[in-house]
Amino acid sequence: MANGEKPQTRHIDTSKASAARMYDWLLGGTENYAVDRDACSDLLKIAPSTQQLARTNRDFLRRVVRILAEKGITQFLDHGSGLPTQDNVHEVAQRARPGAKVVYVDNDPMVLAHARTSLDDNENTMVLDYDMRHTHDIRRASEALLDWNKPIAVLFVSVLHCLPDTDDEHDPSALIRALADQLAPGSYMVICQLVSDDPMVRQDVTQLMAHATGGNWGRVRETHEVRRYFTPLKIEDPGLVDVIDWRPDSPPPPAHLRATDWVEWGGVGKIPK
């Protein structure tokens, strides 16, 4: 693993659920606690398709990283990377493009501990302990591995719903704009988050997650809100969609077998040349 800033040791709070550990449980992982499993149980009562969505989202992440690497992208910046699992971003990217460089950004202490251990022998990876909204700090630290004068694929996969809306430069739309302004032409931004057409699902999930995580949550949004994130970008085919429909490797399920409570929605945008 490439040298970054000196790691800080922080306490893992097991009294509150963590979105990263909940996601780990939904994917069948073991790096979670009773408080995370209890929160997942409550979440599944509101949105029964959540476990299916977690797997669909992970498949999308693998697919989009592979496709961008095959297109020639050799640098990736993954925000809210979560707990290591099978086929992490660097594994997918480096299979398609040996020597690809990946910087992971997260501020969950359990994620950081596991990531630093698992990536110790990979010199083309780096783990940064930052809030994803601190874009200038992340750029400064990541320059030890990434060349910002060349194209980078920036990933915000199933993470922006963890950010609240604010009136300053730290809300999701402003975050995307700030990063887009710093990226070289030919860079890509991969953006998706949980959305729902059902106002009760949006309200109940948002309230549950805010309570379970001790306020480390934003909200479930609507598709038109996520569409605004792509304003500075040229949207790649097939457009903004349920991610199960983004360049699938096999035919996606028919409508009657799909989730109706909420979906992971978004796509890929390119920084124009």
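Go through segment 195-229 and give me each residue that's hydrophobic (A, V, I, L, M, F, W, C) and either within 14 Å of Leu240 (Cβ to Cβ) or part of a loop (DSSP other than H, G, I, E, B) (or both).
Of the residues in segment 195-229, the ones hydrophobic (A, V, I, L, M, F, W, C) are 195, 200-201, 205, 208-210, 212, 217, 220, 226.
Across segment 195-229, the qualifying residues are Val195, Trp217, Val220, Val226.
Within segment 256-269, can you find the residues that are outside any strand (DSSP E or B) and either modelled with pLDDT of 95 or more or under 23 Å from Tyr229 (Cα atoms) (or both)? If you could, list the steps in order and put the result at the bottom.
At the first step, the residues of segment 256-269 found to be outside any strand (DSSP E or B) are 256-262.
Asp261, Trp262 - these are the residues of segment 256-269 that are outside any strand (DSSP E or B) and either modelled with pLDDT of 95 or more or under 23 Å from Tyr229 (Cα atoms) (or both).
Read through the list (1) touching a residue at least 60 places away in the same chain (Cβ under 8 Å); (2) on the phi < 0 side of the Ramachandran plot, then give the number of the only condition that Gly82 fails.
(2)
Give the residue that is surrounded by the fewest Cβ atoms within 10 Å (Cβ to Cβ), with candidates limited to residues of segment 235-250 that are under 17 Å from the mean Cα position of the chain (by Cα) and not in a loop (DSSP other than H, G, I, E, B).
Taking segment 235-250 and keeping what is under 17 Å from the mean Cα position of the chain (by Cα), we get 240-244, 246.
If we keep only those that are not in a loop (DSSP other than H, G, I, E, B) as well, we get 241-244.
Numbers: Val241: 18, Asp242: 20, Val243: 26, Ile244: 20.
If we take residues in segment 235-250 being under 17 Å from the mean Cα position of the chain (by Cα) and not in a loop (DSSP other than H, G, I, E, B), then Val241 is surrounded by the fewest Cβ atoms within 10 Å (Cβ to Cβ).
So, of the residues in segment 64-85 that are assigned to a loop (DSSP other than H, G, I, E, B) and hydrophobic (A, V, I, L, M, F, W, C), which turns out to be nearest to Leu146 (Cα to Cα)?
Going residue by residue through segment 64-85, those that are assigned to a loop (DSSP other than H, G, I, E, B) are 71-74, 80-85.
Those left that are additionally hydrophobic (A, V, I, L, M, F, W, C): 73, 83.
Details: Ile73: 12, Leu83: 22 Å.
Once the filter is applied, the top-ranked residue is Ile73.
Let me spell it out: the conditions are (1) more than 20 Å from Tyr229 (Cα to Cα); (2) surrounded by fewer than 20 Cβ atoms within 10 Å (Cβ to Cβ); (3) touching a helix residue (DSSP H, G or I) at 6+ places or on another chain (Cβ under 7 Å), and Val205 meets all of them except one. Which number is the exception?
Among (1) more than 20 Å from Tyr229 (Cα to Cα); (2) surrounded by fewer than 20 Cβ atoms within 10 Å (Cβ to Cβ); (3) touching a helix residue (DSSP H, G or I) at 6+ places or on another chain (Cβ under 7 Å), the lone unmet condition for Val205 is (2).
Could you list all residues from segment 243-257 that are closer than 22 Å to Ile46 by Cα and touching a residue at least 24 places away in the same chain (Cβ under 8 Å)?
Val243, Ile244
Listed residues Gly214, Gly218; which is under 20 Å from Asp42 (Cα atoms), modelled with pLDDT under 95, surrounded by fewer than 16 Cβ atoms within 10 Å (Cβ to Cβ) and not hydroxyl-bearing (Ser, Thr, Tyr)?
Numbers: Gly218 fails: surrounded by fewer than 16 Cβ atoms within 10 Å (Cβ to Cβ).
Sole residue among the options that is under 20 Å from Asp42 (Cα atoms), modelled with pLDDT under 95, surrounded by fewer than 16 Cβ atoms within 10 Å (Cβ to Cβ) and not hydroxyl-bearing (Ser, Thr, Tyr): Gly214.
Given the criteria modelled with pLDDT of 90 or more, over 15 Å from Ala100 (Cα atoms) and not acidic (Asp, Glu), does Ile152 qualify?
Values: modelled with pLDDT of 90 or more: yes; over 15 Å from Ala100 (Cα atoms): no; not acidic (Asp, Glu): yes.
In short, no.
May I ask you to say which residue of Pro232, Pro272, Pro253 is in a loop (DSSP other than H, G, I, E, B) and either among the basic types (Lys, Arg) or under 21 Å from Arg62 (Cα atoms) (or both)? Talk me through it step by step, then tell me what you get.
Details: Pro232 fails: either among the basic types (Lys, Arg) or under 21 Å from Arg62 (Cα atoms) (or both); Pro272 fails: either among the basic types (Lys, Arg) or under 21 Å from Arg62 (Cα atoms) (or both).
Exactly one of Pro232, Pro272, Pro253 is in a loop (DSSP other than H, G, I, E, B) and either among the basic types (Lys, Arg) or under 21 Å from Arg62 (Cα atoms) (or both), namely Pro253.
Please list, ordered by first then second residue, the pairs with beta carbon atoms under 6 Å, 6 or more apart or interchain, first in segment 136-152 and over 17 Å from Leu175 (Cβ atoms), second in a loop (DSSP other than H, G, I, E, B) and not hydrophobic (A, V, I, L, M, F, W, C).
Cβ pairs passing all conditions: Pro151/Gly186; Pro151/Ser187.
Pull up segment 4-39, narrow it to residues that are farther than 19 Å from His114 by Cβ and of a type outside the set (A, V, I, L, M), then point me to the one that is modelled with the highest pLDDT.
Asp38
The values are calculated or read from the model by the stated rules, or taken from the named source; none is laboratory data. Note that the structure is a prediction, hence the values are computed from the model and not measured. Counting neighbours? That spans all protein chains shown, and the Cβs are built from the backbone with ideal geometry, glycine included.
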